Amino acid sequence: MPRLHLYGPPQLTLDDGRALPLSAREAALLGWLHLQGPTARAQLAGLLWPGGDDAKARANLRQTLARLRRAAGEVLAEETGVLRLAPDVELAAGAGGELLAGLDFDDAPELGEWLAARRDDARRNRLRERLADAQARLADGDLDESLALADAVLADEPESEQAWRLRMEICYLRGDRAAGRAV
């Protein structure tokens, strides 16, 4: 079963264990299909190769699909001109990496905007998860770990009001009023 890595450097891990690095357009295609679901070929061609000749965009998509098929086998399924990921493609866990790390699509504005929005969504989700973890540690009475997690959130998101409030609460629970006021 092929494993798709979208967070961090995009790649496919094949059944035999080989890692297949993905080109920017291959990664964007697979990422789109994973996150957006089944999509018409014409829409994908226009998204990945905008602003030009439709016939050339469709040819580029055909070539990309052929390269993927040769290198990785059947990772995509198609029905009446609509592409989707094959059912046996498994998504690798994100592990905190950036979605399609290192890729930018300045030449494809709609794709670039979509990717920026998905990255922002993922960042906000990670922030919520880290804050929930810090709250859970606080509820368990582990003030040191909760404080460390709140500080880690603040290192990434200095404007996080929830993390600042959590930090104040921890100072209060420790009996350190001066530190709480300073926060």
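The values are calculated or read from the model by the stated rules, or taken from the named source; none is laboratory data. All figures in this text were calculated on a predicted structure; none of them were measured in a lab. Because the Cβ atoms are built from the backbone with ideal geometry, glycine has one as well, and the counts that use them run over all protein chains shown. These accessible areas exclude ligands, DNA and RNA; they are computed on the full protein's heavy atoms, side chains included. Shrake-Rupley method; radii C 1.70, N 1.55, O 1.52, S 1.80 Å.
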- Here are ALA136, ALA150, ALA132, ALA179: which of them is under 22 Å from GLY97 (Cβ atoms), part of a helix (DSSP H, G or I), open to solvent by less than 90 Å² (accessible area, probe 1.4 Å) and not aromatic (Phe, Trp, Tyr)? ALA132
- Of (1) closer than 29 Å to LEU100 by Cβ; (2) more than 20 Å from the chain's Cα centre (by Cα); (3) surrounded by fewer than 16 Cβ atoms within 10 Å (Cβ to Cβ), SER160 satisfies every one except (3)
- Scanning the stretch 44-59 for residues that are closer than 15 Å to GLY112 by Cα and among the small types (Gly, Ala, Ser), the one least open to solvent (accessible area, probe 1.4 Å) turns out to be ALA45
- Out of (1) in a loop (DSSP other than H, G, I, E, B); (2) open to solvent by 60 Å² or more (accessible area, probe 1.4 Å); (3) more than 30 Å from LEU12 (Cβ to Cβ), the one ALA155 does not meet is (1)
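Could you count how many residues in the stretch 65-86 are open to solvent by 60 Å² or more (accessible area, probe 1.4 Å), assigned to a loop (DSSP other than H, G, I, E, B) and under 19 Å from ALA40 (Cβ atoms)?
The initial filter retains those residues of the stretch 65-86 that are open to solvent by 60 Å² or more (accessible area, probe 1.4 Å), namely 67, 69-70, 74, 78-80, 84.
The next check asks that each one be assigned to a loop (DSSP other than H, G, I, E, B); those that pass are 74, 80.
From what is left, the residues that are under 19 Å from ALA40 (Cβ atoms) are 80.
Total satisfying the criteria: 1.
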- Item | Breaking point among (1) farther than 19 Å from ALA116 by Cβ; (2) at pLDDT below 95; (3) surrounded by 16 or more Cβ atoms within 10 Å (Cβ to Cβ), for LEU6 | (1)
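Look through the stretch 166-176, keep the residues that are in a helix (DSSP H, G or I) and more than 16 Å from GLU129 (Cα to Cα), and return whichever of them is most open to solvent (accessible area, probe 1.4 Å). Working first, answer last.
Pass one, the stretch 166-176, residues in a helix (DSSP H, G or I): 166-174.
The next check asks that each one be more than 16 Å from GLU129 (Cα to Cα); those that pass are 167-174.
Working: ARG167: 58, MET168: 78, GLU169: 82, ILE170: 1, CYS171: 11, TYR172: 161, LEU173: 92, ARG174: 113 Å².
Result: TYR172.
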- Out of curiosity, is PRO21 exposed (fewer than 14 other Cβ atoms within 10 Å of the Cβ), within 18 Å of the chain's Cα centre (by Cα) and either modelled with pLDDT of 90 or more or of a type in the set (Lys, Arg) (or both)? yes
- Complete set of residues in the stretch 104-128 that are aliphatic (A, V, I, L, M) and part of a helix (DSSP H, G or I): LEU111, LEU115, ALA116, ALA117, ALA122, LEU127
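Among the candidates ARG118, ARG62, ARG41, ARG124, which residue alone is open to solvent by 20 Å² or more (accessible area, probe 1.4 Å), modelled with pLDDT of 90 or more and within 30 Å of GLN162 (Cα to Cα)? Give the steps one after another, and end with the answer.
Working: ARG62 fails: within 30 Å of GLN162 (Cα to Cα); ARG41 fails: within 30 Å of GLN162 (Cα to Cα); ARG124 fails: modelled with pLDDT of 90 or more.
Sole residue among the options that is open to solvent by 20 Å² or more (accessible area, probe 1.4 Å), modelled with pLDDT of 90 or more and within 30 Å of GLN162 (Cα to Cα): ARG118.
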- Query: Going by the structure shown, is ALA93 open to solvent by 60 Å² or more (accessible area, probe 1.4 Å) and of a type in the set (Gly, Ala, Ser)?
  - Reply: yes
- Is one or more of the residues making up the stretch 88-96 modelled with pLDDT of 90 or more, in a loop (DSSP other than H, G, I, E, B) and in contact with a Leu (Cβ under 6 Å, 6 or more places away or on another chain)? yes
- Item | the stretch 14-37 residues that are assigned to a strand (DSSP E or B), paired with ones that are hydrophobic (A, V, I, L, M, F, W, C) (beta carbon under 7 Å, 6 or more apart) | LEU20/LEU12; LEU20/LEU14; LEU20/ALA71; LEU20/ALA72
